[in-house]
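Below is one structure, written out as structure tokens; the observations come after it.
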Amino acid sequence: MAVQEITASMTAPLRGAKRWAYITRASTLRVATTCEDGSIYLSPVWFVVQDKHIYLSLDAAGRHAVNFRQRRPMAALIDSGDEYATVAGVRIIGEAEEIVGDEPLISRLQELLFEKYFYVDHPYAEAYFEFGEAAGRKFFELVPERMIGWDSREVTTPQVPEARVLPDVVTDRRLGAK
């Protein structure tokens, strides 16, 4: 009988509303696309979420944009945590569709991008948006075929023995003890 491998997404799944809340709050999406020569192009990308749709902001001539337009394989990862009890993430496999001609949506996505990454009078906001205009920045909707999420923050961490030396002033706290 074959033994089934156990994964973090099985023991501490991140699904539904919790997954969307996690994705929405995250600041970086790591995107991997396949280039024409078969190599993998991997980079962090800013993104926004609206109505459970993920939108990426990419410069028109960027490698990811070219690879998306050519319908080459892609995957993405949102992750966080520095230790076992805080590790969480969502892996996304799918494709991306360029948003073309929907000016109200594009305008709303620009607003969401500003709200997420900048603030009024932010020292780099103007430069970021001006460069986007010059570089022909476009929005792409990430269309997941599959999303796999895990969240170790949901799992009780195992008890471990501790060796602490407390100062003499710390005593047993029984009621009535002096």
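The values are calculated or read from the model by the stated rules, or taken from the named source; none is laboratory data. Remember, predicted model here, so these are calculated numbers, not experimental data. Here the Cβ is made from the backbone with ideal geometry for all residues, glycine too, and neighbour counts use every protein chain on show.
Taking the listed residues 117, 124, the one that is aromatic (Phe, Trp, Tyr), touching a residue at least 12 places away in the same chain (Cβ under 8 Å) and either loosely packed, with under 15 Cβ neighbours inside 10 Å or farther than 16 Å from residue 59 by Cα (or both) is 117, with no other qualifying. Of all the numbered requirements in (1) over 13 Å from residue 89 (Cα atoms); (2) modelled with pLDDT under 95; (3) not hydrophobic (A, V, I, L, M, F, W, C), residue 55 misses one, and that requirement is (2). Residues of segment 71-97 that are among the acidic types (Asp, Glu) and more than 10 Å from the chain's Cα centre (by Cα): 82, 83, 95, 97. Kindly indicate whether residue 30 is free of Cβ contacts under 8 Å to residues at least 40 places away in the same chain, surrounded by 11 or more Cβ atoms within 10 Å (Cβ to Cβ) and under 24 Å from residue 152 (Cβ atoms). Against the criterion (free of Cβ contacts under 8 Å to residues at least 40 places away in the same chain, surrounded by 11 or more Cβ atoms within 10 Å (Cβ to Cβ) and under 24 Å from residue 152 (Cβ atoms)), residue 30 does not qualify. Can you report the number of residues in segment 130-178 which are loosely packed, with under 10 Cβ neighbours inside 10 Å, at pLDDT 85 or above and of a type outside the set (Asp, Glu)? Looking only at that region, the number is 2.
Of all the criteria given as (1) assigned to a helix (DSSP H, G or I); (2) modelled with pLDDT of 95 or more, the one not satisfied by residue 42 is (1). The single residue among 111, 103 that is among the acidic types (Asp, Glu), exposed (fewer than 13 other Cβ atoms within 10 Å of the Cβ) and more than 28 Å from residue 16 (Cα to Cα) turns out to be 103. Across segment 76-98, not a single residue is classified as over 19 Å from residue 150 (Cβ atoms), surrounded by 15 or more Cβ atoms within 10 Å (Cβ to Cβ), in contact with a Cys (Cβ under 8 Å, 6 or more places away or on another chain) and not β-branched (Val, Ile, Thr). Residues that are under 11 Å from residue 57 (Cα atoms) and assigned to a helix (DSSP H, G or I) within segment 130-148 comprise just one, 132. In segment 67-80, the residues that are without any contact (Cβ under 8 Å) to a residue 60 or more places away in the chain and within 15 Å of residue 30 (Cβ to Cβ) form Cβ pairs under 8 Å with partners that are aromatic (Phe, Trp, Tyr) and crowded, with 21+ Cβ neighbours inside 10 Å, at six or more places apart or across chains, as follows: 74/68.
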